Amino acid sequence: MYIPRHLEPVVQQATTTFPVVMVTGPRQVGKTTLLESLAEQGRAYVSLDSPLNREMAKTDPELFLHRYPPPVFIDEFQHAKELLPYIKIHVDKHKRNGDFWLTGSQMFPMMKQVGESLAGRVAVIPMQGLSHREISKLDHAPFSVKPKEWISRLATSPSLTVLDVFERIFQGSLPRTYSEHPNRELFYSSYVDTYLQRDIREMTGIGNELAFLRFMTACAARTAQQVTYTELARDVGISSPTAKQWLSLLATSGIVMLVEPYFNNALTRIVKSPKMYFMDTGLATYLTRWESPATLEVSMMSGALFETYVMSEIVKNYYNSARRPPIYYYRDTQQREIDLIIEADNVLHPFEIKKSASPGRGSIRHFNVLEKTQKKIGAGGVICMTDTVIPIDSQNHFIPAWLM
């Protein structure tokens, strides 16, 4: 069962304006299924997961393109960088938009080479798992920082209870878990094994897969926290530089997202380390060994995973409308913190994220630190489990998490 994706119009528009369209993202987020659903009659499909196809692409790329002439969809493209110069020659000669569709499971050096070799010729579209609005089959409405649009969403968005949200957090966002309902333990164990064995070892040469798995688990236990490399290194038994390198791999492959602190010359004593979030909460709960949504909801990690869920939903909203998320956080040495700052049109929109259904007005007490930036401070508020949009003051609101 195919769940329609909000990226569909983005891919269609890119196909009419670029010769090459590349969809990137972690394994199992639905890249291949998305493009297969959009492929017009006559577009060839070839996967470089096949050893025979991969060998032909690597050893005789010119023959490969004769065998699979454009328009063509080349899946798992990262396996054959040798095709790049031949694709460039074809594009420059024929100048036809939409000739090549490519997918890649990793955003490693190979993906960077695509952007450099095909600069001006390729649209790179990042993709993540299913959003709440895709799962609920709601009309696409990109996330907005305007209160009137939060209120308008109330009419079309069915409300969720706290347990509903934690069931979604526990299940995660990978399409297969919604379309096929596989055994969760088997699905995620296979997912982790494939990621470690095929992606990490093959693309980076990391040989100690057990240590890397322990590192992923340590990161999952720290989702929604500020990154401290020395603590991660100590827990896993590796050096701090190795911890930094491995976290970079998780980020570039789309497993985690690093949110940088907001920087402004007028802000002093700010913490400079990024915050880390798992993009698929199901993977995070699998790695940290939670057995049910109910036990997760009352656990010490519930607040961190709720914040992770909200952040991932906001990021997917931006990706699904072909925008890079302009998101930051704030924390200083006086322990003043703002979970999320969205910068739009040079205006700062501050948000706190709370699992509570009725967080106090004091939740926004640190927003005034942004006044030092001399930038305009726009609408913001507290994203929480309230059942409707409620004003806090003239600028800020309590906002239901299920409106994301």
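The figures follow:
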quantity: Of the trypsin sites (Lys or Arg not before Pro) in segment 21-120, those whose Cβ has at most 11 other Cβ within 10 Å and which sit in DSSP loop; calculated: LYS95
quantity: Angle between the chain longest axis and helix 184-194 axis [Cα atoms, degrees, rounded to 10]; calculated: 60 degrees
quantity: Residue-normalised accessible area of the chain, expressed per residue, 1.4 Å probe, Å²; calculated: 43 Å²
quantity: Fraction of accessible area attributable to carbon and sulfur, the chain (%, probe 1.4 Å); calculated: 52 percent
quantity: Cα-Cα over 25 Å, subset of LYS244/LYS355; LYS146/LYS272; LYS148/LYS372; LYS31/LYS148; LYS355/LYS376; LYS148/LYS316; calculated: LYS244/LYS355; LYS146/LYS272; LYS148/LYS372; LYS31/LYS148; LYS355/LYS376
quantity: Virtual spin-label span in nm between THR295 and TYR86, 7 Å along Cα→Cβ; calculated: 5.3 nm
quantity: Rounded if a/c under 1.5, otherwise prolate or oblate - segment 196-322, Cα gyration tensor axes; calculated: rounded
quantity: Whole-Hz ³J(HN,Hα) from phi, Karplus 6.51 cos²θ - 1.76 cosθ + 1.60, for segment 49-55, glycine and proline x; calculated: 5, 6, x, 5, 5, 5, 4
quantity: Length-normalised contact order for segment 260-404 - Cα pairs under 8 Å, 6+ apart - percent; calculated: 20 percent
quantity: Degrees separating the helix 162-171 axis from the principal Cα axis of the chain, which is the longest one; calculated: 30 degrees
quantity: Relative contact order (%) - criterion: Cα under 8 Å, at least six apart; region: the chain; calculated: 16 percent
quantity: Cα gyration tensor, segment 12-124 - rounded (a/c under 1.5), prolate or oblate; calculated: rounded
quantity: Centre separation in Å (Cα based) which lies between segment 204-229 and segment 285-309; calculated: 18 Å
quantity: Computed FRET value (nearest 0.05) for ASP235 with LYS93, which takes r as the C-beta separation and R₀ as 60 Å; calculated: 0.65
quantity: Dipole-positive endmost among ILE200, PRO274, PHE212 within segment 195-320 (Cβ charges, Cα centre); calculated: PRO274
quantity: DSSP beta bridge pairing in the chain, given as percent antiparallel to the nearest 5; calculated: 40 percent
quantity: Principal semi-axes in Å for segment 295-336 [√(5λ), Cα gyration tensor, largest first]; calculated: 24, 19, 4
quantity: Three-way shape call for segment 33-98 based on the alpha-carbon gyration tensor, with the a/c threshold at 1.5; calculated: oblate
quantity: Acute angle (nearest 10 degrees) that the helix 240-252 long axis makes with the longest principal axis of the chain, alpha-carbon atoms; calculated: 70 degrees
quantity: Size descriptor, Kirkwood hydrodynamic radius, that averages inverse alpha-carbon separations across the chain, Å; calculated: 22.5 Å
quantity: Selected from THR156, PHE166, THR177, residue furthest toward positive end of dipole (segment 130-177; charges at beta carbon); calculated: THR156
quantity: Dipole moment magnitude, nearest 20 debye, the chain about Cα centre, only Lys, Arg, Asp, Glu C-beta charged; calculated: 880 debye
quantity: Alpha-carbon centroid distance for the pair segment 22-57 / segment 374-404, whole angstrom; calculated: 41 Å
quantity: As computed over segment 30-189, the Cα convex hull volume per residue (Å³); calculated: 174 Å³
quantity: Cα-projected label distance for ASP193 with SER136, points at 7 Å along beta-carbon direction, nm; calculated: 3.6 nm
quantity: Spin-label pair LYS375/ASP332, simplified geometry with 7 Å Cα→Cβ offset, distance in nm; calculated: 1.6 nm
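The values are calculated or read from the model by the stated rules, or taken from the named source; none is laboratory data. Since we're looking at a predicted model, the values are computed, not measured. Reconstructed Cβ throughout: ideal geometry from the backbone, glycine too, with neighbour counts over all protein chains shown. These area figures cover heavy atoms from the full protein model, side chains too; ligands, DNA and RNA do not enter into them. Shrake-Rupley method; radii C 1.70, N 1.55, O 1.52, S 1.80 Å.
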